[in-house]
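Single-structure report; data block below.
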Amino acid sequence: MTTYVQRLAEFAAGVRDRGLPAELRADAARRVLDVLGNSLAATSERPAEAVGALVAEWGGNGRATAIGAGGRLPEPSAALLNGTLAHSLDFDDTHLPSVLHPSASVVPAALAVAESRGATGAALLDAIGAGIEIAVRVGMAGYDERLGNSVFFERGLHATAICGALGGAAAGAMLSGLPAGGIADAMGIASSMGSGLLEANRTGGTVKRIHCGWAAHAAVTAAGLARTGITGPPTVLEGRFGLLQAFCGDQADPEAMTRGLGEDWELPGIFFKPYPCNHFTHAGIDAALRLRARNVDPAEIESIELGAPTAVLRTIGEPREDKIRPKSGYHAAFSGPYTVAAALLGGGGLGLFHEDFTDAAAADPARLELAAKVRCVPDARCDEIFPHQFPAVLRVRMRGGELLEERVDNNRGGPGNPLSAEELATKFRLNASRRVSPERAGQITELAYGLGDLDDLGRLTDR
């Protein structure tokens, strides 16, 4: 019988041979633009500087672009740096209910191989579309309907890094011209490389910010090893000692990887983020912004209750003492109390933006005072909806006794509440302004949306 990795590889090879439908290529182009914007915004972040210093030490023959710097690096080094950039600010897209960020691993891996191999923009988009689809379908194999959550997440595993390595490897192998068997080998090899733990979401540390970089690095390496003759096990996904058994045990659903494959695409339903912070905080931010639009005076607030799905409280509400007093701007991006307070007091961009997640902003006395009034609690309706959305309800009691409530069931940026083309362009422009001129930002936008007709990828990535 054909194994799961072989079926996924045949799907990828078929996409390369036929090309994606026009609407899916357009969606893949939007993913590229989003990744480029998030990456340009992250170039001055400490993790990017650290990884940049490391790959400079490694040296090597450069054939792929370092985003924002314009220099050339070896494929694995470019993938490591660009994947780190793409995920550093937690602004990357999210697939539900697998709860993973596929583009931040797949796009940097595919871009590095495409540049190195001289691929066209159309081939890049096809590889990205197939790679993202594979990543989220492997993630869905770890979703337990009865549990109502990702088994990866429940076990403290970062599905983004694990599944992203496989999707990126498939994309890299496609762009390397490997047949279906070689694409399967690349994914089989990457299955031994993808990893990531989520403890940094709870108690701090910057290691999570390199998870997508390492996944992209693993993906490029796996594709290269497959090209030069290393093979992977055919039962790498469903086998007794395969990926799903190792990470998810008996709770895995292998059939999710191929159910409707090639007909029912997950790609168009992946959420774009309007705010540069953990996606679990977004509905609370939306609720706070609605209250702000009602002219609620933060100075008159006595207490705030943030209701959320039980499963997300470990990330955005615990430990309470750390969430009401974040240790850094990055730590604040995973705090329900802080993000609610920041939105009530007024933020930047599309509601909150990068200036709201600096170390100085996270230490602002007014925000900390308001955050201390926030109590995070489980909410039954939110539990029913999660993880198909990341809902929240905000209840604010005013000093005069009035109780105000805003409930958000559908996150901004997804199919039920999408960001407009203008909002996506605004997000990119604001992100890119941290590194390039407005004129160059406009050029990149045009090139990304016309990527299907672009033959020289250097025009897109060079400064």
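The values are calculated or read from the model by the stated rules, or taken from the named source; none is laboratory data. Note that this is a predicted model, so its numbers are computed, not measured. When we count neighbours, we look across all protein chains shown, and the Cβ atoms used for this are built from the backbone with ideal geometry, even at glycine. Keep in mind that these areas ignore ligands, DNA and RNA; they rest on the heavy atoms of the full protein, side chains included. Shrake-Rupley method; radii C 1.70, N 1.55, O 1.52, S 1.80 Å.
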Nitroxide proxy distance, nm - points 7 Å out along Cα→Cβ at residue 18 and residue 429: 3.8 nm
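How high is the relative contact order of segment 40-100, given as a whole-number percent (alpha carbon pairs under 8 Å, six or more residues apart)? Display every interim value, and only then the final one.
Numbers: 57 pairs, mean separation 20.3, N = 61.
Across segment 40-100, relative contact order equals 33 percent.
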For segment 302-368, accessible area per residue (1.4 Å probe, heavy atoms of protein chains only), Å²: 32 Å²
Segment 276-342 versus segment 431-463: alpha-carbon centroid distance in Å: 34 Å
Normalised contact order of segment 246-381, rounded percent, pairs of Cα under 8 Å and 6 or more residues apart: 30 percent
FRET efficiency, 1/(1 + (r/R0)^6) with R0 56 Å, evaluated for residue 402 and residue 54 via beta carbons: 0.55
Segment 147-299 - accessible surface per residue (Å², probe 1.4 Å): 35 Å²
Degrees between helix 4-18 axis and first principal axis of the chain (Cα, 0 to 90, nearest 10): 80 degrees
Spin-label proximity, residue 206 to segment 312-338 - amide N less than 13 Å from point 7 Å beyond Cα toward beta carbon: 328-331
Distance between modelled label sites at residue 455 and residue 250, nm, 7 Å Cα→Cβ extension: 5.9 nm
Lysine pairs meeting the criterion (Cα under 26 Å, 8 or more apart or interchain), as found in the chain: 9
Mean separation of Cα contacts under 8 Å, 6 or more apart, over the residue count of the chain: relative contact order %: 20 percent
Pairwise centroid distance, computed over Cα atoms, of segment 146-176 with segment 45-87, Å: 22 Å
The chain - mean residue ellipticity at 222 nm from DSSP helices (-39,500 (n - 2.57) per run, n ≥ 4, rounded to 500): -15000 deg cm²/dmol
Rg [Å, one decimal], Dmax [Å, integer] - the chain, C-alpha atoms: 21.2, 72
Accessible carbon and sulfur surface of the chain relative to its total accessible area, %, 1.4 Å: 49 percent
In nm, spacing of pseudo-spin labels at residue 192 and residue 381 (7 Å Cα→C-beta vector): 5.1 nm
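Place the peptides 344-353, 130-139 in order of packing, highest mean first, counting for every residue the other Cβ atoms within 10 Å and averaging per peptide.
Numbers: 344-353: 19.1, 130-139: 30.6.
Put in order of decreasing packing, that is 130-139, 344-353.
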